[in-house]
1. Which aspartates and glutamates does LYS248 reach when only Cα atoms under 15 Å apart count, and residues fewer than 8 places away in its own chain are ignored?
2. Using a cut-off of 16 Å between alpha-carbon atoms, which aspartates and glutamates can reach LYS193, once sequence neighbours fewer than 8 places away in the same chain are excluded?
3. Taking 30 Å as the cut-off for C-alpha to C-alpha distance, list the pairs among LYS121/LYS181; LYS192/LYS341; LYS161/LYS327; LYS141/LYS161 that go past it.
4. How high is the relative contact order of the chain? Use alpha-carbon pairs under 8 Å, at least six apart in sequence, and give a whole percent.
5. Mind checking which of ASN195, ASN134, ASN180 has the largest fluctuation in a GNM of the chain, springs on alpha carbons under 10 Å?
6. Could you give each residue of the stretch 68-76 its phi-based ³J(HN,Hα) in whole Hz, using Karplus coefficients 6.51, -1.76, 1.60 with θ = phi - 60°, and x for Gly or Pro?
7. Mind checking which aspartates and glutamates have their Cα closer than 13 Å to the Cα of LYS71? Skip sequence neighbours fewer than 8 apart in that chain.
8. ILE91's amide H: which non-local residues (gap 5+, or another chain) put their own amide H closer than 5 Å, with H modeled 1.01 Å from N in plane and none for Pro or chain starts?
Amino acid sequence: MEYQILSNKWRPQNFDQIIGHKYIIRILKNSLDLKRIHQSWLFSGIHGIGKTTIARILAKSLNCENGITSKPCRVCKNCISIEKGNFLDFIELDAASKTKVEDIKIILDSTKYPPIQGRFKIYLIDEIHMLSKNSFNALLKILEEPPKYIKFILATTHLKKIPNTIISRCLHIHLPTITNKNISNYLRDKLKKENIQINQEILNIISNSAQGSIRNAINSLELALCSTTKNKINIKKITKLLGIFNKKNILLLAVNIINNNIDNTLKIIDDAEQKGIQHNNIILSLITFFHNLSIVKITTLKKKYSIDNLSKYDKIIYVLSKRILFKDIQIYCKILIQGEKYLRYAPNPKIGIEIILFQIYQYIQDKTRLIK
Ligand SMILES: Nc1ncnc2c1ncn2[C@@H]1O[C@H](COP(=O)(O)OP(=O)(O)O)[C@@H](O)[C@H]1O
Ligand SMILES: [Mg+2]
Ligand SMILES: [Zn+2]
């Protein structure tokens, strides 16, 4: 059989298979079951969290031969045809390649004709933020009052670029990022069904580096699976593959930051560059590290355990947490989070990350001077 990439193979085909977005899915299902159907939807959120997937399930729900339903049957002609991508009344368009007003006019013209196969003729316009101003204006009227057999589903990764006049004519649904825990549980369940064994720590590394996107996580997993022919994926390999810092290196970097040892700090950044570690991954791993340290510092969770029972790594974290003020950890996090936002403006990523670390260095310097 032809190989299908995992993200397509695993694409949910009904609402119950969607990970996260529980509350949103409930609203969508209720609106279908109550037949309170909007004329235009707008899904926003980062890439790889289910916008297209949900839009396709919605198209099936509206056109299933068994009637409008939150549980499309997946066996009728319409459902099968939508899943195969050859349903004439479900038109998927990529706004990135159809930005001009002339393109939109062709679409508007085609809305005059009722559906051929289904109950509704549905237009899914992806990356809608790419449209020109004139194109948006041309769309306004039809979005507000389309013929009753027409439905629009818009999707965007850049909500800020969408005029308010468009947003207000749609039922706007923002899809938040997926939690690391949800992603790693999802990967674990999927792999179990595929009979593939991967250690949980590796799944956690993949999930943590996915930045809330399931597609990112699936793609990293696919890379990992191809990294070996012997079904042996080790942590060293995967951290290298994903361009991320391993736990030990992040700990070492954090200890040097806390000790205000700028020489060692810069040396670790140099080494990271040699190893091809992605710079924003270093910042994100540091933020995660300091967040973890905050938790160890303020919660009583760890107190349940005797320090002797902690792993070597957790023991170091525990000891480190005793040496640093909670307030200072929060300041480091703030500098890192703000710095990460501006990283792309730096002449190159390495300079960017060094500037961020200089700010923490400066903060500790000032503080020590004050104490003296
Ligand atoms: N919420 C989700 N639940 C389950 N799988 C998901 C989810 N979001 C994304 N995926 C996976 O990622 C792939 C891409 O999702 P897609 O809906 O195309 O993302 P986008 O938000 O970029 O439109 C899907 O085929 C599916 O395998
Ligand atoms: Mg999409
Ligand atoms: Zn059906």
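Bear in mind that the values in this text are calculations on the coordinates, not laboratory data. It should be emphasised that the depicted structure is a prediction, and the values quoted were computed from it without experimental measurement. FYI the Cβ positions are ideal-geometry reconstructions off the backbone, even for glycines, and counts take in every protein chain you see.
1. Of all the aspartates and glutamates, those that pass the test against LYS248 - Cα under 15 Å, at least 8 places apart if same chain - are GLU201, ASP271, ASP314.
2. Partners found: GLU222.
3. Numbers: LYS121/LYS181 38 Å; LYS192/LYS341 37 Å; LYS161/LYS327 37 Å; LYS141/LYS161 19 Å.
Where the Cα-Cα span goes over 30 Å, the pairs concerned are LYS121/LYS181; LYS192/LYS341; LYS161/LYS327.
4. Working: 467 pairs, mean separation 53.5, N = 372.
Computed over the chain, the figure is 14 percent.
5. Looking only at ASN195, ASN134, ASN180, the largest GNM fluctuation is found for ASN195.
6. 4, 8, 7, 10, x, 6, 6, 10, 6
7. Here the aspartates and glutamates satisfying the reach criterion relative to LYS71 are ASP16, ASP33.
8. Residues meeting the criterion, in which the H sits 1.01 Å from N, are ILE122, TYR123, LEU124.
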